[in-house]
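As structure tokens, the structure follows; a few thoughts come after it.
The values are calculated or read from the model by the stated rules, or taken from the named source; none is laboratory data. Quick caveat, the model's predicted, so the values are computed rather than measured. Glycine also receives a Cβ, built like all others from the backbone with ideal geometry; neighbour counts cover every protein chain displayed.
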């Protein structure tokens, strides 16, 4: 926040008036979603992991910073504020995402292997969300925003990219192991 405020103060007045600070968070700040439930802008913060708690702290701090609290230098102007949940209208569990990836790999490689057989349940980290569940209807209604891509079909294209770029994947994996 201090860096963003310092940056904002150095802007010419015309640019200050249009500057916007975006705080990007995660649905994990809302805790675990029950089956069929989705989070929206009115959902209470209920983080249940250190990661989610740190992101929730960011959500609480963002409106308190100089830019967003209305104490923007000498202008006295209060910047426009808005809080929107952004999502792709695709509430899937982590297991459903993994199953979909396995299906795509099986179909794209067409080698007779069944990748589902390689998946096993492991102990989860405490507080980990088991599915992604956000309701972006407020953003669609107020701003006219909608996802430009469909998660499930684009996931297939992502899998295809990784299968075609195995050299890149191996290089990144080697660097990750060496650190």
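Figures for the structure shown
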quantity	calculated
Members of segment 27-45 that are surrounded by 17 or more Cβ atoms within 10 Å (Cβ to Cβ), touching a helix residue (DSSP H, G or I) at 6+ places or on another chain (Cβ under 6 Å) and within 18 Å of residue 61 (Cβ to Cβ)	28, 29
Candidate set from segment 60-80 (those that are assigned to a helix (DSSP H, G or I) and at pLDDT 50 or above); member that is farthest from residue 23 (Cα to Cα)	66
Breaking point among (1) outside the structural domain of residue 35 (by TED's automatic domain parsing); (2) at pLDDT 85 or above; (3) surrounded by 12 or more Cβ atoms within 10 Å (Cβ to Cβ), for residue 57	(1)
Number of positions in segment 125-153 that are at pLDDT 85 or above and either over 24 Å from residue 106 (Cα atoms) or more than 16 Å from the chain's Cα centre (by Cα) (or both)	15
Checking residue 13 against (1) out of contact with any helix residue (DSSP H, G or I) (no Cβ under 9 Å at 6 or more places or on another chain); (2) modelled with pLDDT of 85 or more; (3) on the phi > 0 side of the Ramachandran plot, the condition it does not meet	(3)
